[in-house]
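Take a look at the structure below.
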Amino acid sequence: MIAIIDYGAGNLKNVFRAMKNIGFDAKITSKVNDINDSRAIVLPGVGAFKGAINNLNNMGIVDCIKENAKKGKVILGICLGLQLFYDVSYEDGCHRGLGILKGEVVRFDGKLKVPHMGWNSLIINREDDISKGINSEDYVYFVHSYYVKPMDFNEVVLYSDYGTKVPALIRKDNIIGMQFHPEKSGRVGSILLNNFKELIK
Amino acid sequence: MLAKRIISCLDVKDGRVVKGKRFNDLTDVDDPVNLAVFYNNEGADELVFYDITASFEKRNIFFNVVEKIAESINIPFTVGGGIKTLEDFRTALLKGADKVSINSAAVRNPEIIKSAAKKFGSQCVVLSMDVKKTDSGNYKVYIDGGRVETDFYALEWAKLGESLGAGEIVLNSIDCDGIKNGYDYEITSLISENVNIPVVASGGAGNMEHFEKVFKYGKADAALSASIFHYGDIKINDLKEYLYCKGVNIRRV
């Protein structure tokens, strides 16, 4: 079973359906037992960083997520879910994240419009199993105002150009993050979700 | 690079797709879920569904359609029409919409933009505005399907909407809607260059060149059309190929 973590933010049905469509038994849950028993964890993301991390703390599942990460269980963070992996975010103040990846979450600044909304093309930073079958110039759908600045850019598998290098697909061992929405990225999104599935087998 | 988006829009009445000229003369066209899947496969970057059902009792028909659409496609879509309250936002999002657009109700109560952005995030709050050029040459905002002129100037309202937390603007030209003579490039570029959120041009597309122009001269981030796509005048695939050749950054599928 894949545990899709429900921390009270928005609609998780689309992510749930995407997991079902690639053949996973998925469960939307915030229970420690479910998370511990799962084969993999998905941390979806809608809304603001502060509210999300507060909810995770209040529900008492931060330590549980961290322990599962440490034990090597595959965790996929989507959009805000990816941002939550990092040490700190500057969205609406300064807030500590889960700290399972090193780096910070900062706002786009510059002349380009915010949010970074729409389909942007992917640029390959390095080869990885998670990005098998993806070519440069494949497009995925983004919608976000903050982006991650990893301490080690080698953790970035794919990035996009939006005035700056925007990490799109991150992987460090069992920790995987997608800044875009794979469940909304058509064929390319499906390829990436299938690659995620292959990693768990 | 971020691609310019092609958006197909579907007006839904009592659970069926319709399209009118200048907001009048509606004719029944097709089933919304079928069309959604069709556009999803044809390479549309996004879809918009406006509920133009008059009676309140029939609203749940629309939301059931929204749920079916969410189950059937894997591209983003916006829901609008008759959205008035935070509860409407919540219902649309829970049924699977990615964004919710608000129009007349936001003019009547601009604070709804702020509270929706705070509650659900700016990324899902779309400010849809109907504008019309007045005799003095200024653009004013109209509400209630283009019937009622408001005190707002178009740019003033767009900027206010942005400052309240809207994440995107859909700019509908009442003068151009359904005429197929091209988008209103003047107001589109004025708004797009003076706000820092994406602007979707709407109303007036009649051929492929109109799309090219609205991106190049109108500075639009996305272009929306309805009838031109579902009466088959233009195929989205062909349009994208055309724009690509014209040097517009586009997602080809």
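Could you size up the charge dipole of segment A:2-200 around its Cα centre, putting +1 on the beta carbon of Lys and Arg and -1 on that of Asp and Glu, and report it in debye to the nearest 20?
Values: 25 positive and 22 negative charges, 55 e Å.
About 260 debye.
In the full protein assembly as shown, how much of A:Val46 is accessible to a 1.4 Å probe, in Å² to the nearest 10?
Per-residue accessible area (A:Val46): approximately 50 Å².
Amide H to amide H, which residues 5 or more places from B:Asp30 or on other chains are under 5 Å from it, using H placed in the peptide plane?
B:Val17
Calculate the FRET efficiency for B:Tyr217 and A:Lys201 from the Cβ-Cβ distance with a Förster distance of 56 Å, rounded to the nearest 0.05.
Efficiency, rounded to the nearest 0.05: 0.60.
Tell me, what HN-Hα J-couplings in whole Hz come from the Karplus equation 6.51 cos²θ - 1.76 cosθ + 1.60 at θ = phi - 60° for each residue of segment B:143-158, using x for Gly and Pro?
These are the phi-based 3J(HN,Hα) values: 10, 6, x, x, 8, 10, 7, 10, 7, 7, 7, 4, 5, 4, 5, 4 Hz.
For A:Gly45, which sequence-distant residues (separation of 5 or more, or a different chain) have an amide H within less than 5 Å of its own amide H, given hydrogens modelled in the peptide plane?
Close amide H contacts, sequence-distant or interchain: A:Ile78, A:Leu80, A:Gly81.
For every helix of n ≥ 4 consecutive DSSP H residues, a contribution of -39,500 (n - 2.57) applies; sum these over the protein assembly as shown, divide by its total residues, and give [θ] at 222 nm rounded to the nearest 500 deg cm²/dmol.
Roughly -9000 deg cm²/dmol at 222 nm, from the helical runs in the protein assembly as shown.
Considering amide H positions built from the backbone, and no H for Pro or chain starts, which residues 5 or more places from B:Asp175, or on another chain, come under 5 Å of its amide H?
Those qualifying (amide H under 5 Å, at least 5 residues apart or on another chain) are B:Lys133.
Report the chymotrypsin sites (Phe, Trp or Tyr not before Pro) located in segment B:186-253 that are in a DSSP loop and have at most 15 other Cβ atoms inside 10 Å of their Cβ, or state none.
B:Tyr217, B:Tyr231
Run the accessible area of chain A with a 1.4 Å probe and give the carbon-and-sulfur part as a rounded percent.
Details: 3580 of 8010 Å².
About 45 percent, which is the carbon plus sulfur part of the accessible surface.
Could you work out how far the C-alpha centroid of segment A:147-164 sits from that of segment B:105-149, in angstrom?
36 Å
Among A:Ile41, A:Gly8, A:Ile123, whose Cα lies farthest out toward the positive end of the dipole of segment A:2-200, if unit charges sit on the beta carbon of Lys, Arg (+1) and Asp, Glu (-1)?
Of the options given, the answer is A:Gly8.
For A:Cys94, A:Cys64, give the ranking by accessible area with the largest first, probe 1.4 Å.
Descending order: A:Cys94, A:Cys64.
Under a 1.4 angstrom probe, counting protein chains only, how are A:Lys27, B:Lys240 ranked by accessible area, largest first?
Details: A:Lys27 85, B:Lys240 5 Å².
Ranking A:Lys27, B:Lys240 by accessible area, largest first, yields A:Lys27, B:Lys240.
Please report the carbon-and-sulfur percent of the accessible area for segment B:5-245; probe 1.4 Å, protein heavy atoms only, DNA, RNA and ligands left out. Walk me through the intermediate numbers first.
Values: 4530 of 9530 Å².
Here it works out to 48 percent.
Quick one: work out the % antiparallel among DSSP beta bridges in segment A:36-192, nearest 5.
70 percent
State in Å² the accessible area per residue of segment A:2-200; use a 1.4 Å probe, count heavy atoms of protein chains only, and round to the nearest integer. Walk me through the intermediate numbers first.
On the way: 7800 Å² over 199 residues.
In whole numbers, segment A:2-200 has 39 Å² accessible per residue.
Within 10 Å of each candidate Cβ there may be at most 14 other Cβ atoms; applying that plus a DSSP loop requirement, which GluC sites (Glu not before Pro) in segment A:110-155 survive?
A:Glu127, A:Glu137
Compute accessible area for segment B:101-130 by itself and then with all protein chains, 1.4 Å probe, and report residues whose area falls by 50 Å² or more.
Buried-area filter returns B:Gln123.
How big is the B/A interface in buried accessible area, both sides summed, 1.4 Å probe, to the nearest 100 Å²?
On the way: alone 11330 and 9230 Å², together 18210 Å².
It comes to approximately 2300 Å² buried between B and A.
The values are calculated or read from the model by the stated rules, or taken from the named source; none is laboratory data. Bear in mind that the values here come from a model prediction, so they are computed numbers and not experimental data. Every residue, glycine as well, gets a Cβ built from its backbone with ideal geometry; the counts of neighbours run over all protein chains shown. The accessibility values were calculated without ligands, DNA or RNA, using every heavy atom of the protein model including side chains. Shrake-Rupley method; radii C 1.70, N 1.55, O 1.52, S 1.80 Å.
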